[in-house]
Each structure stands twice: as C-alpha cells, then as structure tokens.
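Below: one structure, written as structure tokens.
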Amino acid sequence: MAKRIGMEVAVAVAEAVGLCDIDMAAVYPITPQSHIAEHLSDLVADGKIDAEFVTVESEHSAMSAVIGASGAGARSYTATSSQGLMYMHELLPIASAMRLPITMAIANRAVSGPLNILNDHSDIMPQRDSGWISIFVENAQEAIDMSIIAFKIAENKDVMLPVNINIDGFQLTHMVEPFEMPTQEEVRNFLPPFVPHATLHPAKPVTMGAFAMSDYFPEIMKAKDEALKNSKKIILEVWDEWAKMFGRAYKPVETYKAEDAEVLMLTMGSMGETAQMAIDELRAKGVKAGLVKLRLWRPFPFAEIKAAVKNAKKLIVTDRAVSFGGPGGPVFSEVKSALYAEAQRPVIYDYIYGLGGRDVPVGDFVGMFERVLADTANKEVDTYEFWGVRE
Amino acid sequence: MNIVENFDLYAPRLINKKELLSSGHRACSGCAEVLAVRLMAKALGENTVIASATGCMEIVSSMFPTTAWNVPWIHVAFENAASVASGIEAGLKALRKKGKIDDRYVKVVGMGGDGATMDIGFQALSGAMERGHDMIYVCFDNEAYMNTGIQRSSGTPMGASTTTAPAGKVSSGQKTWKKNMPEIMVAHDIPYVATACPSYPLDFIRKMEKAKSIKGPSYIHCFSVCPTGWRCPSNQAISMGRLAVETGVFPLYEVENGHYRLSPDMPKKLKPIKDYFKGQGRFRHLSAEEIDTIQGKVTTEFKKLTEKAKFLK
Ligand SMILES: Cc1ncc(C[n+]2csc(CCOP(=O)(O)OP(=O)(O)O)c2C)c(N)n1
Ligand code: SF4
Ligand SMILES: [Mg+2]
C-alpha cells in the first residue's frame, strides 16, 4: 500500500510517469515544466526507467518525435508549457487525427507578449479544438493520478486519442504537497501494456498521414469528433476502476456545497481550492454559495454541467484566459452555449482573473460573490470583466 | 561496356527488383525526383521505415485511400521529417530492447525536398543529426518549392527564375548563391555525407547502401531534376542531371568520417555551364555576362572541392 509522502509536484509527476513503463519521452525544457524534464532525465540516467529520452532541439521536434515513436508503437510521453505548447500547435491536430495515444503534461503558463513565466490558461485555450482529451487537475494527488490514468484512457482501443493534463504552473507544479504515490506493483496491475492497432514496422507496412482532399476529409473530421465524444464513456470507466483500486474517485465535474446553492462559482485547475475557502467563508455568513469544478475540458461534459448548475439562480464563471474581442473568456462561452437551450438555468457572469500569475486571494473570490449578489436587477449578466485590474 | 547504355542487362543483377514505391503515383511525367525516391527505396529494401516531409513526393505518393508505399511510411508536416524519424528510431530502439517487437534491424529514413530540408526543416534536421540517431536523411533537391508552384528556396541556384524570385525588367531571378547543404552536414561531423543524382543510378544506390550500413546518422543530398519547374522537356530529366554533374554545377562526392572522395563518375574536365543552362527555361533570361559570373563561382567551388578531395583523402 502506498504511503503518504511530500514532494514537489513536478518531480512527483515525473515519478508517476516513471511507473508507467514508458518506452520513449521527448521533452524540451521550459519554465515551469523544466522540473518534469529534468527529473525524467534523472530517472532514465539512473536506469530507473527503461526508456529512450530524446533531447530534442525544440518543442516542435518534441511533438514530432513522440508522434513518430507512438506511430512505431512505443508508449510516448512529453511535457511542455506556454510558448512550447504554442510551438507544438501545428502538430496537435495531426497527432489526434492519426489516433496516437500520446500523453502530455502542460504546466500551464501565460503566453507572450509580454513575456511572462507565471500561471494562467492562455496556453491551453488556443489548443481547444485540436482533438485531444484535455483534463485539468487541482492538486498534487490529482496530477499524479491523472498522469498514470491518462495512458490507460489514451490507449484504450475505443479511444486511441492523445491526452493532455493541465497542471497550473508554479501555483501547482512548484508546490510541495502531500500525496500518496501508487507503488510500481499497483500501477502494473492497473495499466496493461500498450497494444497498438497499426505500427510503423516492416512486419506489416502501413501508410500513416496520407493526403486527403474533399472526397474524404470531412468524414475524417467527423470520425475524429465522434471518437472524442465517445471517449467520455471510457474516461468514466477508467476513473471508476481507479476509484476501486485506489479509493480516489474522479468525475468530469466536481461540486462543493452546490446542492442548495443559490450562487455558484465555476473554476478550473488549482484555483478551486482557494475558491472552496471562499465558499466556507460565505456559508459561515449565511450566503448560499457553492462551487463547481470543471475537470474534463474535452470532451466537454455537457450533461454534468447542466445538472450541476440547474438549481442555482446565478453562476459565476471564472476564466484564466482572454478571447480578445470575443464574447468573454473561453470557459464562459462554452458554459453559456451548454446552457443556452435549458429552460431552467442560472444567469451567468464572467470574471477573467489571475492572468500572468496575478495572485487571487480568498477575498477576491468572496468579492466576486458579493458583486453578483449586489446585482439584484441582473444588469451585469452575460458580460465579462477583468477582475482586479487597474484602469 | 558502358553500364548505363546496357542498363537492362545489368539492372536485374545490380538493382533490387522489388518495387517498394509502386507505379500509379501522381508525379509529373519525366519527374526525376520520383525516380530518385524509387531508387532509394530499392536500395534500402524492405526493412525500412520512412518519414516524409510535405512536398511533391508526399502528395504524389499518398492520396488517401491509396498509397504507393510498400514500406512503412509516415507523413506528419512540412518541417519535421527529421524529428519524426528520430522519434521512430528512438521508439523502435526501445521496443526492440524490451523485446516488444521482433529483433530485426530496421533502418529509419527521413526524406524531404530542398525546402523541407534546407529552409523550414533545417533546425529539425540539424538537431536530429547532432543527436546521433541511427538514421539516414535524404534531401531530394529540385531547387525550389515545386509542390506549391515553383517558389524559390535557399536551394534555388543563382539566376534561376521562380515564381517568388522571377526574372523581370530589373531582376535576373534568384539573387543568392545556392546554400551548400552537404557542407553544412559535413560540419555536423556525422559519419557519412554524400551527393547523388538518379542520372547515375548505380552511384546513387551504392551510396544509399553505404549509408544504410552505417550505425549512426548519414545524409544524402540527391539532385532531382524537375522538368515542370525547370521548364525543360520531360524526356530530358536524365540528361539534364548528367549535365549538372558534368559541368560541376552539382558534383558527385562523398565524405566518410571527414574524408572527401569525388565519385568515379566525375569527369576530368568540366563542360561549360552554358551547356546545362541552355535547355532550361528558368535560365533563359540570363545574359552572357551573368552566365560568366555564375561560371566563375562554379569553377571556384569545384576547385575547392577537388582540393578537399586531395588534402582530406
Ligand atoms: C508550415 C508550412 N508552411 C508552408 C507549407 C506549404 N508547403 C507545402 S509543400 C511546400 C514546398 C515544398 O518544397 P520542397 O520541400 O522543396 O519539396 P518539393 O515539392 O519541391 O519536392 C510548401 C511551401 C506547409 N505545408 N507547411
Ligand atoms: S513538379 Fe517537379 S518534382 Fe514535383 S512531381 Fe512534377 S516533376 Fe516531379
Ligand atoms: Mg523542392
């Protein structure tokens, strides 16, 4: 049985990946992902992982190399952040179209410019439509668990899609938190060997990445969309299996004191824990506040979101990225469109906050609740605001 | 007896009869680039995995749901064939070591055009070569971005007219000298670098086989005549390739562990470059003086090469 230990989250993620019998990793360092790259290299250098570590010259090549290796049938891993993820962008939809079960950690960080190394979600949001399964984690335990679980989801023969795991940069990657690290034996029991359906090997020659024009292209796009939608069933099954083996249950949408809540807040990633403290504070004052945490970003959990917010009067969506000149933050537009056709739904507010690592203390979350409660005439609904930004 | 003139007699014995790039692909008639790719596949044999860049050769050979490839082949993007190949090599190495696949030796090959290699994929190639992967990279140099409509690349020769560096009233086409890609690869200190041309099939095949026998990175730069882009008759691709070699415009040589060697096919005395230029529409606008200037550069560069072959034997 695993014992409870404390460790820096990025290092712990590398340790967890090290338990997964990966065959190959190609990682290019970037703050705040670097500790994953460095610790994986240590594990390979010490012979603790029997894998090829390819010291690529860029993130573009990191993603290209894992695509090649995964195509060859190797269990392949990478990790990146911010500019590195933007640099990979071109290749992400290709990896999913080829149905390659690559897994990737993203230490979420603001995208330039100006250059900024701290946390927000502006790196992952532009990758939204690349056809990857996309998961957000809140704490060390989740980061570790999802790093292992991701392989099992990705490699399921009914999924065969790449997975990214979003871990807030610094705010989470550089924290030392207590967690339970599964043992090698436990991971071996949970994660079966990868059985690819076609590989780049002369034993059975295949062509991958062929050229398709209008006579086939739309069907290929539809197939990818269906594959991503259908992956939800498997994601839920794998999470259930994990809960049975390790006692930690995961759902696409998590709630906290939401059942009777009149005002709900929705968060993604590590901010959920701070928001939770705000809920406790507000509850102590008699405010019926609650929290909804969105863990599964793609495939988007429509039914779960609808069910979680149905009975609330107001919903505060929080965004850590901007859709410039658009309808608000990306999470806001997604949630709004999910609820559009619902007869019973809350009014929605959007606060864009914590950009470029700006600290968001508990009081700010309390402030957001107070602000929407004061808006009794619902004059501010359906708009977005940059929270705590100097004019 | 001249081997090329008696090709049918020799070919069955000297060349792998199996077609690993099958006919029915969509290359233009008279394309020497696709001929070169076909010869490369023959030389490599079946235990090969190829990663291709975007470009003519990718488009003509992989129209979904068909494929011309009888060896495992992957295309991902324009600028990353070398990194994809490096990942395949690493993946196969790990799987073999762990006993997850059969133990046969498989050669991984990256391939791309001059644009994919010398311009947009330059960094990826440099990285893969520097890391020392056990792979071959082959550049099929037709001296422009042909797939997208004959735009200039850093492999386009001085004076050639392309659609983005056209000859006009105040311009003579390409204003820069062709990037010396094989020398850049030599500077990577890799075990084997060679130039080749499908107009010399046996020389090309021998070089491919040598590259295949080397454990480590090797680079082949293959001069590939494109009748469509060069505006020459489609039945002239082979003779045009021979003229490029005979004039010293594209000398055939190899560099093994730093030792230079000119191929035996290189003539003792070079023909004038105007013999090579005159059959091609892309050079038609050049004046006698401009051709002289280019001739001067070709002569100098060839002299440098012969000196290297002398001193770095
Ligand atoms: C990132 C990117 N930029 C541009 C293109 C468009 N493009 C595709 S092939 C090509 C030119 C290929 O030239 P080369 O590598 O010389 O191969 P050739 O077609 O001449 O054999 C270009 C510009 C692309 N596919 N991807
Ligand atoms: S454009 Fe040139 S290189 Fe491309 S297929 Fe045609 S002849 Fe070959
Ligand atoms: Mg070209």
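When the residues of segment A:197-250 are filtered to those that are closer than 24 Å to B:Ser52 by Cα and touching a Ser or Thr at 6+ places or on another chain (Cβ under 8 Å), which remaining residue is farthest from the other protein chains (Cβ to nearest Cβ)?
That would be A:Lys224.
With A:Ala51, A:Ala72, A:Ala62, A:Ala95 as the choices, which residue is farther than 26 Å from A:Arg358 by Cβ, buried (at least 24 other Cβ atoms within 10 Å of the Cβ) and in contact with a Leu (Cβ under 6 Å, 6 or more places away or on another chain)? Walk me through it before giving the result.
On the way: A:Ala51 fails: in contact with a Leu (Cβ under 6 Å, 6 or more places away or on another chain); A:Ala62 fails: in contact with a Leu (Cβ under 6 Å, 6 or more places away or on another chain); A:Ala95 fails: in contact with a Leu (Cβ under 6 Å, 6 or more places away or on another chain).
Within the list A:Ala51, A:Ala72, A:Ala62, A:Ala95, the selection yields A:Ala72.
Which one of these does B:Val108 not meet: (1) within 16 Å of ligand 1 (Cβ to nearest atom); (2) under 17 Å from the mean Cα position of the chain (by Cα)?
The one condition B:Val108 does not meet is (1).
Within the group B:Lys178, B:Lys212, which residue is at pLDDT 95 or above, within 16 Å of ligand 3 (Cβ to nearest atom) and charged (D, E, K, R)? Steps first, answer last, please.
Values: B:Lys212 fails: within 16 Å of ligand 3 (Cβ to nearest atom).
Answer to the selection: B:Lys178.
Out of everything in segment A:226-236 that is of a type in the set (D, E, K, R) and under 18 Å from the mean Cα position of the chain (by Cα), what residue ends up being surrounded by the most Cβ atoms within 10 Å (Cβ to Cβ)? I'd like the intermediate steps shown before the answer.
The initial filter retains those residues of segment A:226-236 that are of a type in the set (D, E, K, R), namely A:226, A:229, A:232-233.
Now narrow it down to the ones that are under 18 Å from the mean Cα position of the chain (by Cα): A:229, A:232-233.
On the way: A:Lys229: 13, A:Lys232: 20, A:Lys233: 13.
For segment A:226-236, the residue satisfying everything is A:Lys232.
Does A:Tyr250 satisfy the condition of being in contact (Cβ under 8 Å) with a residue 24 or more places away in the chain, surrounded by 13 or more Cβ atoms within 10 Å (Cβ to Cβ), of a type in the set (Ser, Thr, Tyr) and in contact with a Phe, Trp or Tyr (Cβ under 6 Å, 6 or more places away or on another chain)? Spell out the reasoning first.
On the way: in contact (Cβ under 8 Å) with a residue 24 or more places away in the chain: yes; surrounded by 13 or more Cβ atoms within 10 Å (Cβ to Cβ): yes; of a type in the set (Ser, Thr, Tyr): yes; in contact with a Phe, Trp or Tyr (Cβ under 6 Å, 6 or more places away or on another chain): yes.
Yes; evaluated as a whole, the condition is true for this residue.
Read through the list (1) away from ligand 1 (no atom under 16 Å from the Cβ); (2) out of contact with any His (no Cβ under 6 Å at 6 or more places or on another chain); (3) not aromatic (Phe, Trp, Tyr), then give the number of the only condition that B:Glu89 fails.
The single condition B:Glu89 does not satisfy is (2).
What residue, among those in segment A:19-40 that are of a type in the set (Gly, Ala, Ser) and within 14 Å of chain B (Cβ to nearest Cβ), is surrounded by the most Cβ atoms within 10 Å (Cβ to Cβ)? Spell out how you get there, then give the answer.
The initial filter retains those residues of segment A:19-40 that are of a type in the set (Gly, Ala, Ser), namely A:25-26, A:34, A:37.
When the remaining residues are screened for being within 14 Å of chain B (Cβ to nearest Cβ), the result is A:25-26.
Numbers: A:Ala25: 33, A:Ala26: 30.
Ranking the qualifying residues of segment A:19-40, first place goes to A:Ala25.
Go over the candidates B:Asn142, B:Asn147 one by one and state the one that is in contact (Cβ under 8 Å) with a residue 24 or more places away in the chain, within 16 Å of ligand 1 (Cβ to nearest atom), within 14 Å of another protein chain (Cβ to nearest Cβ) and not aromatic (Phe, Trp, Tyr).
On the way: B:Asn142 fails: within 14 Å of another protein chain (Cβ to nearest Cβ).
Going through B:Asn142, B:Asn147 in turn, just one is in contact (Cβ under 8 Å) with a residue 24 or more places away in the chain, within 16 Å of ligand 1 (Cβ to nearest atom), within 14 Å of another protein chain (Cβ to nearest Cβ) and not aromatic (Phe, Trp, Tyr): B:Asn147.
In this structure, is B:Val49 among the β-branched types (Val, Ile, Thr) and within 16 Å of ligand 3 (Cβ to nearest atom)? Full working, then the answer.
Details: among the β-branched types (Val, Ile, Thr): yes; within 16 Å of ligand 3 (Cβ to nearest atom): no.
Criteria not met by B:Val49.
Among the strands (runs of 3 or more DSSP E) lying completely within segment A:1-93, list those that include at least 2 residues that are in the same structural domain as A:Asn156 (by TED's automatic domain parsing), touching a strand residue (DSSP E or B) at 6+ places or on another chain (Cβ under 9 Å) and among the hydroxyl-bearing types (Ser, Thr, Tyr).
Numbers: elements: A:4-8, A:24-26, A:52-54, A:76-80.
Per the criteria, A:76-80.
Within segment B:204-233, take every residue that is assigned to a loop (DSSP other than H, G, I, E, B) and within 16 Å of ligand 1 (Cβ to nearest atom) and give me the one that is surrounded by the most Cβ atoms within 10 Å (Cβ to Cβ). Please lay out each step first, then the result.
Of the residues in segment B:204-233, the ones assigned to a loop (DSSP other than H, G, I, E, B) are B:214-217, B:224-226, B:231-233.
Applying the additional criterion that residues be within 16 Å of ligand 1 (Cβ to nearest atom) yields B:224-226, B:231-232.
Details: B:Ser224: 28, B:Val225: 31, B:Cys226: 27, B:Arg231: 15, B:Cys232: 21.
By that ranking, first place goes to B:Val225.
Within the group A:Gly354, A:Gly363, A:Gly388, which residue is over 15 Å from A:Gly290 (Cα atoms) and out of contact with any Phe, Trp or Tyr (no Cβ under 9 Å at 6 or more places or on another chain)? Full working, then the answer.
Working: A:Gly354 fails: out of contact with any Phe, Trp or Tyr (no Cβ under 9 Å at 6 or more places or on another chain); A:Gly388 fails: out of contact with any Phe, Trp or Tyr (no Cβ under 9 Å at 6 or more places or on another chain).
None of the other options fit; the residue is A:Gly363.
Within segment B:1-21, count every residue that is away from ligand 2 (no atom under 16 Å from the Cβ) and either within 14 Å of another protein chain (Cβ to nearest Cβ) or not in a helix (DSSP H, G or I) (or both).
Residues of segment B:1-21 away from ligand 2 (no atom under 16 Å from the Cβ): B:1-20.
Then drop every residue that is not either within 14 Å of another protein chain (Cβ to nearest Cβ) or not in a helix (DSSP H, G or I) (or both), which leaves B:1-6, B:15-20.
Number of matching residues: 12.
Those residues that are buried (at least 18 other Cβ atoms within 10 Å of the Cβ) and part of a strand (DSSP E or B), I need them from segment A:151-179; list them, please.
A:Val163, A:Asn164, A:Ile165, A:Asn166, A:Ile167, A:Asp168, A:Phe179
Determine whether segment B:46-59 contains at least one residue that is over 19 Å from B:Asp141 (Cα atoms), surrounded by 24 or more Cβ atoms within 10 Å (Cβ to Cβ) and among the hydrophobic types (A, V, I, L, M, F, W, C).
Pass one, segment B:46-59, residues over 19 Å from B:Asp141 (Cα atoms): B:46-49.
Now narrow it down to the ones that are surrounded by 24 or more Cβ atoms within 10 Å (Cβ to Cβ): B:49.
Then keep just the ones that are among the hydrophobic types (A, V, I, L, M, F, W, C); that gives B:49.
Looking for residues that are over 19 Å from B:Asp141 (Cα atoms), surrounded by 24 or more Cβ atoms within 10 Å (Cβ to Cβ) and among the hydrophobic types (A, V, I, L, M, F, W, C), one finds at least one in segment B:46-59, hence yes.
The values are calculated or read from the model by the stated rules, or taken from the named source; none is laboratory data. Computed from a prediction, not measured in an experiment: that's the story for all the values here. Glycine also receives a Cβ, built like all others from the backbone with ideal geometry; neighbour counts cover every protein chain displayed.
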